[in-house]
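Enquirer: Below are the structure tokens for one structure; questions will follow.
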Amino acid sequence: MTANTNKAGTESIVHCEDYAAPDHNVESIHLTFDLVPNQTTVTARMIVIPKDDRKSDDFVLYRDDVSMTYLKIGGKDSLPGQYAFVADKLIIHDISEPTEIEIQTRINPRTNLQLSGLYMSRNNYITQCEAEGFRRIMYFPDRPDVLAKYRVVIHAPKDYKALLSNGNLMEQGELLDGRNYAIWDDPFPKPSYLFALVAGNFVAQEETIKLANGKEALLQIWTEPSNQGKTDFAMQSLIKAIRWDEERFGLNLDLDRFMIVATDDFNMGAMENKGLNIFNSKCVLADSRIATDEDFARIESVIAHEYFHNWTGDRVTCRDWFQLSLKEGLTVFREQEFAADMLGTPSARAVKRIQDVRYLRTNQFPEDAGPMAHPIRPESYRQIDNFYTTTVYEKGAEVVRMYQTLFGKEGFRRGLLEYINRFDGTAATCSDFLTAMEESNGEDLSQFELWYSQAGTPRVSVSSKWDENEKTLTLTLHQSNRSFPGRAAPKPLLIPVSIGILGDDGKDIELQLQGEDNPDGTTRTLLFDQQEQTWVFENINSRPILSIGRGYSAPVIFDIEYTKDQLAFLARNDSDLFNRAEAFDRLTLLMIDQYILDLQKKGPNQGRDHIPVSEAYLFTFEDILNDESLSPAYRAELLKFPDENYIAEHRILIEPALVREVSDQIRKKIGTRLRATLEDKVQKMATPGAYRPNPIDAGKRALKHVCLGYLAFADNPKAIQQIRALYKTANNLTDQLAALKISVEASLPIAQELLNMAEIEWQREPLLMNKWLTLHSRLRHSREQRTVVEKIHALTLHGSYQPKNPNCIYSLLYAFFRSGGPEFHRPDGMGYQLWVNSVLSTDQFNPQVAARLARVLENWRRYEPSLSRMMYKALRFVNSHRELSPDVREIIENALYEPV
Ligand SMILES: [Zn+2]
């Protein structure tokens, strides 16, 4: 018997409020894979248990692009009438007692280019099942609240040395027909999205460690043989992550064996399958030749993130996909805390926090203000794959962070452990997490729950009044939240606002609120839970300056009027290193706004580069650059010129060409005016000797590169020579890549020469060639040659560009579309034409990746009218295609029709 299935044509919207528990559980599932590239056979035997409180005897299984060869119910061949295919489901009737169901499917991993389900990467087999990939392997109640115990048998050709699945290896060897086999057993019940299988020619680096509970565990990192020797750093990161979770939360690794596999063909960064994490190779492989300081830091974070999921995601999973932030927001937060602890010094921790917040503002704020706005717990979706968003992840992490801000580290730990104890081995909800937190800390968090249901970035406007006679400071906060048509007006949120007050000597004032007997500390967290609220601080003897939202205590926008002098003062003095950076950031954005105003007053050809950058700004800049009490990493983070997208995000109307012109001019002026100091720092920040990716050396390199960047924009001949030498003599990729980036962005005459050299040197290493492709997304207009759009298009035919590989698509096309520059946002629309072609062609084989490309134009309404009209047309054109995947359709229709 063979049933042919197609991807369901009907696109239905799934609503959170429609959740219904499944009527049947699956106690266990035994899977047997006979791996053949074009025709893999999968046999599943599952024990299905009807629930006592079920609404129906129908057992519902999902399917997507699989063919069934047979179905047995209770050990007998099924009869017509016992089951039915309805859209994307197989329904087996009359399962009213425990029943064994056996199904066999045929699938084609070779042609699976969506990289969801079981697919091939070169000749290796890989799976990716989150969110709904398992149904592309086997008919199954593929939903996260159905947890089963898995036993997996793999049959594969003889040359497949590594045959891996979740859990513990029970047996392996050779079959009578000469093929290899392996049997795996996972002792922990899990949802199908955490299932994994890997088969191929892989080699492992391994290490046995002793866990805090005295048990031993085998750690393995598997790669293709050509990548052997590039996993030391990942192994050390994994061990650090295991230790950290033991120490901070008392959580141990619960398996005898923990495996990581690296593959080049992967839609996401990495996946936390129980005991068998599968990684995009760019998040695992590292040495001084192929990874930058940033890559090293990212690898450490991603390895930790996936490992931490073992408890927050795997042991306790999500009831349904609306609860995605329950595992993702929480695990991003754990990863951020881990990374900060690994950095140690307050200054390095501040750098990490500044970077995380900048990422949130550049990526999540526009999402929250645009047509894709959704709460961290979304209420509906068409394609869950579209909701792996910065809102669910990064804003979700900020919401989790607020628990820690409210209850302290101990209180947070208590709440987290209570949550794990209560829900271990089950599928939970965001409300369950909140309840565990509030009960273990004895607080009522019912108002805090609004963070899970209200979308939009809240604005907190801050006003304060100092009474010189009474020596009081009255602080008033007012919050407003985005409202959505057809929905109830937003309610005030509970916002923890951490503040400090600086006196005119730049020192923190001890804080004493009206009604308190004594001052207590210099930073206070105010619980702001009304629309408007007032606090009065006493004993404020000199004119105070407020430091608001210290450490970025809540994911909001603080609207506060500072003069430039006040910002410069805070940037020099604030004891809170996050807010010190924040002050300088505000000062920079004010300076840029002023520069744009001055520029707009000039005519088009009227000495447009004769506008000065304010001297006061340059002084503050130079003071920070020279402040030896601040680490180089911190100074680099403050002083690097803001990304064009970051500047654009702060403007009401986005004008890419204007932002570019202004950015380039200001950088040039800083480079010219502060030349001596910048040159001095380039020298002092040298890192002689062997390359070490530690935070201290990395910080020095970062500051050196920031300084060289400004000098390059000023066409400083000495700097240009230094950049060339930096590329040629570097003993590490960080320096090499920085030299390339600077020369491309500043359009230095050496740019093409360096790009050519890199192309030859890097050609054998896909990770490096992807970086080489990305460099082209930063190319600037030039008069005589082809347009950048044409160059990007030509690169899609380059030998190192694999058109079906997500990393290649992200490195070249996505990077170019996301660069935000006038080379993409061209007045003739050529950039948007390339976008249209790329979205449509990618959608034919990989809808998830196509949907990510599609999102680039969703904030079209914010651009200057001539561009926004063309973007609208491009969106309409894509939408007119009948054959769009539901993934892309959802993005495009949201962009066109959702109110903003
Ligand atoms: Zn995750």
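Enquirer: Could you give each residue of the range 482-490 its phi-based ³J(HN,Hα) in whole Hz, using Karplus coefficients 6.51, -1.76, 1.60 with θ = phi - 60°, and x for Gly or Pro?
Expert: Each residue's phi maps through the Karplus curve to give 5, 9, 10, x, x, 10, 4, 4, x Hz.
Enquirer: So for the range 560-753, what are the equivalent ellipsoid semi-axes in whole Å, largest first, each being the square root of 5 times an eigenvalue of the Cα gyration tensor? It would help to have the intermediate numbers written out before the result.
Expert: Values: eigenvalues 149, 98, 39 Å².
They are 27, 22, 14 Å, listed from largest to smallest.
Enquirer: Let's test the formula: R0 of 25 Å, r as the Cβ-Cβ distance of residue 111 and residue 268. What FRET efficiency results, to the nearest 0.05?
Expert: Working: r = 21 Å, r/R0 = 0.83.
It comes out at approximately 0.75.
Enquirer: Based on the Cβ-Cβ distance from residue 174 to residue 489, what FRET efficiency comes out when R0 is 60 Å, to the nearest 0.05? Kindly include the intermediate steps, with their values, before the conclusion.
Expert: Details: r = 68 Å, r/R0 = 1.14.
Calculated value: 0.30.
Enquirer: Please give the residues of the range 536-550, grouped as numeric ranges, whose backbone N is less than 13 Å from a label point set 7 Å along the Cα-to-Cβ vector of residue 470.
Expert: Residues passing the 13 Å test: 536-540.
Enquirer: Note down the magnitude of the dipole of the chain about its Cα centre, charges +1 on Lys and Arg C-beta and -1 on Asp and Glu C-beta and zero elsewhere, to the nearest 20 debye.
Expert: Numbers: 104 positive and 126 negative charges, 595 e Å.
The dipole of the chain has a size of about 2860 debye.
Enquirer: I'd like the orientation of helix 396-423 relative to the chain: the angle between its Cα long axis and the longest Cα principal axis, in ° from 0 to 90, rounded to 10.
Expert: The helix 396-423 is inclined about 30 degrees to the chain.
Enquirer: Find out how many positive minus negative residues lie around residue 465, taking Lys and Arg as positive, Asp and Glu as negative, among other residues whose Cβ is under 15 Å from that of residue 465.
Expert: On the way: positive: 471, 543; negative: 467, 468, 470, 532, 538, 561.
Net of charged neighbours comes to -4.
Enquirer: Let's test the formula: R0 of 22 Å, r as the Cβ-Cβ distance of residue 683 and residue 618. What FRET efficiency results, to the nearest 0.05?
Expert: Numbers: r = 21 Å, r/R0 = 0.94.
That gives a FRET efficiency of 0.60.
Enquirer: Determine the sum of side-chain charges near residue 374: Lys and Arg each +1, Asp and Glu each -1, restricted to other residues whose C-beta is under 11 angstrom from that of residue 374. Don't skip to the end; give the middle numbers.
Expert: Working: positive: 377, 395; negative: 367, 368, 379, 898.
Net charge in that neighbourhood comes out at -2.
Enquirer: Please calculate how many Å² of accessible area the chain carries per residue, with a 1.4 Å probe and no DNA, RNA or ligand atoms counted.
Expert: Details: 35670 Å² over 900 residues.
Averaged over the residues of the chain, the accessible area is 40 Å².
Enquirer: Continuing with this model, one more query. Write down the percent of antiparallel bridges among all DSSP beta bridges whose residues are both part of the chain, to the nearest 5.
Expert: 80
Enquirer: Could you state the orientation-averaged shadow area of the convex hull built on the Cα atoms of the chain, in nm² to one decimal?
Expert: Working: hull surface 154.1 nm².
Projected area, direction-averaged: 38.5 nm².
Enquirer: Summing +1 for each Lys or Arg and -1 for each Asp or Glu, what net charge is found among the other residues whose Cβ lies under 14 Å from the Cβ of residue 439? Numbers along the way, then the final one.
Expert: Numbers: positive: 414, 422; negative: 418, 432, 438, 443, 444, 449.
Computed value for this residue: -4.
Enquirer: In a solvent-free Debye calculation with one equal scatterer on each Cα, what is log10 I(q)/I(0) for the range 763-900 at q = 0.10, 0.21 Å⁻¹, listed in the order of the q values?
Expert: -0.32, -1.30
Enquirer: Please calculate the 1.4 Å probe accessible area of residue 649, with all protein chains present, and give it to the nearest 10 Å².
Expert: Number for this one is 40 Å².
Enquirer: Also, quick follow-up: Give the Debye-formula value of log10 I(q)/I(0) at each listed q (0.10, 0.15, 0.16, 0.19 Å⁻¹), with one equal scatterer per alpha carbon of the range 1-159, two decimals each.
Expert: Computed log10 I(q)/I(0) values: -0.36, -0.82, -0.93, -1.30.
Enquirer: Counting only the backbone N, which residues of the range 702-723 are under 18 Å from the spot 7 Å out from the Cα of residue 628 toward its beta-carbon?
Expert: Within reach of a label on residue 628, which here means backbone N under 18 Å from a point 7 Å along Cα→Cβ, the range 702-723 contributes 703-704.
Enquirer: 5 Å is the cut-off here: which amide hydrogens, built 1.01 Å from N in the peptide plane, fall below it relative to residue 559, excluding neighbours closer than 5 in sequence?
Expert: When sequence neighbours closer than 5 places are left aside, the close amide H contacts are 460, 461, 462.
Enquirer: Can you tell me the 0 to 90 degree angle between the C-alpha axis of helix 675-684 and the longest principal axis of the chain, rounded to 10?
Expert: That works out to roughly 50 degrees.
Enquirer: Same structure, new question: At 1.4 Å probe size, with no ligands or nucleic acids counted, give the accessible surface of residue 28 in Å², nearest ten.
Expert: Counting only protein heavy atoms, residue 28 exposes about 30 Å² to solvent.
Enquirer: Using the alpha-carbon centroid of each, what span in Å lies between the range 49-80 and the range 591-612?
Expert: That distance is 70 Å.
Enquirer: What figure, in Å² to the nearest 10, do you get for the accessible area of residue 446 with a 1.4 Å probe and non-protein molecules left out?
Expert: Estimated to the nearest 10 Å², residue 446 gives 70 Å².
Enquirer: Where does helix 232-249 land angle-wise versus the long Cα axis of the chain, in degrees 0 to 90, nearest 10?
Expert: For helix 232-249, the angle is close to 90 degrees.
Enquirer: Then there's this: How much length, in nm to one decimal, is gained on full extension between residue 721 and residue 410, taken as 0.36 nm per residue of separation minus their Cα-Cα distance? List each step's numbers first, then the result.
Expert: Values: separation 311, 0.36 × 311 = 111.96 nm, distance 5.33 nm.
Residue separation times 0.36 nm, minus the Cα-Cα distance, leaves 106.6 nm.
Enquirer: Further question: If you average the alpha carbon positions of the range 246-318 and of the range 766-843, how far apart do those two centres end up, in angstrom?
Expert: 29
Enquirer: Just to be sure I understand the model, the point goes 7 Å from the Cα along the line to the Cβ. What's the resulting residue 426 to residue 17 distance in nm?
Expert: In this crude spin-label approximation the distance works out to 2.5 nm.
Enquirer: Okay, next question. So, in nm, how far is label residue 246 from label residue 207 when the simple model puts each one 7 Å beyond its Cα toward the Cβ?
Expert: Taking the two extended label points, one gets 1.2 nm.
Enquirer: State the Cα centre-to-centre distance between the range 507-559 and the range 152-208 in whole Å.
Expert: Rounded to whole Å, the Cα centres lie 58 Å apart.
Enquirer: With point charges of +1 on the Cβ of Lys and Arg and -1 on the Cβ of Asp and Glu, referenced to the Cα centre of the chain, which listed residue (829, 165, 812) lies farthest in the positive direction of the dipole?
Expert: 829
Enquirer: Also: Stretch residue 529-residue 877 to full length: gain in nm at 0.36 nm per residue minus the Cα-Cα span? Walk me through the numbers before you get to the answer.
Expert: Working: separation 348, 0.36 × 348 = 125.28 nm, distance 4.57 nm.
So the extension gain works out to 120.7 nm.
Enquirer: Hey, if we sort 876, 778, 353 by accessible area with the 1.4 Å probe, largest down, what's the order? Walk me through the intermediate numbers first.
Expert: Working: 876 115, 778 75, 353 25 Å².
If we order 876, 778, 353 from most to least accessible, we get 876, 778, 353.
Enquirer: Would you mind checking 51/190; 230/352; 327/395 for any pair whose Cα atoms are more than 21 angstrom apart? Display every interim value, and only then the final one.
Expert: Working: 51/190 18 Å; 230/352 25 Å; 327/395 13 Å.
Listed pairs above 21 Å: 230/352.
Enquirer: Same structure again: Please compute the modelled spin-label separation between residue 802 and residue 96, points set 7 Å along Cα→Cβ, answer in nm with one decimal.
Expert: 5.3
Enquirer: Could you tell me the extents of the range 459-554's C-alpha atoms along the three principal axes, largest first, rounded to whole Å?
Expert: So the three principal-axis extents are 50, 27, 23 Å.
The values are calculated or read from the model by the stated rules, or taken from the named source; none is laboratory data. All figures in this text were calculated on a predicted structure; none of them were measured in a lab. A quick note on method: Cβ atoms are made from the backbone with ideal geometry, for glycine too, and the neighbour counts reach across all protein chains shown. Side chains included, ligands, DNA and RNA excluded: accessible areas come from the protein's heavy atoms. Shrake-Rupley method; radii C 1.70, N 1.55, O 1.52, S 1.80 Å.
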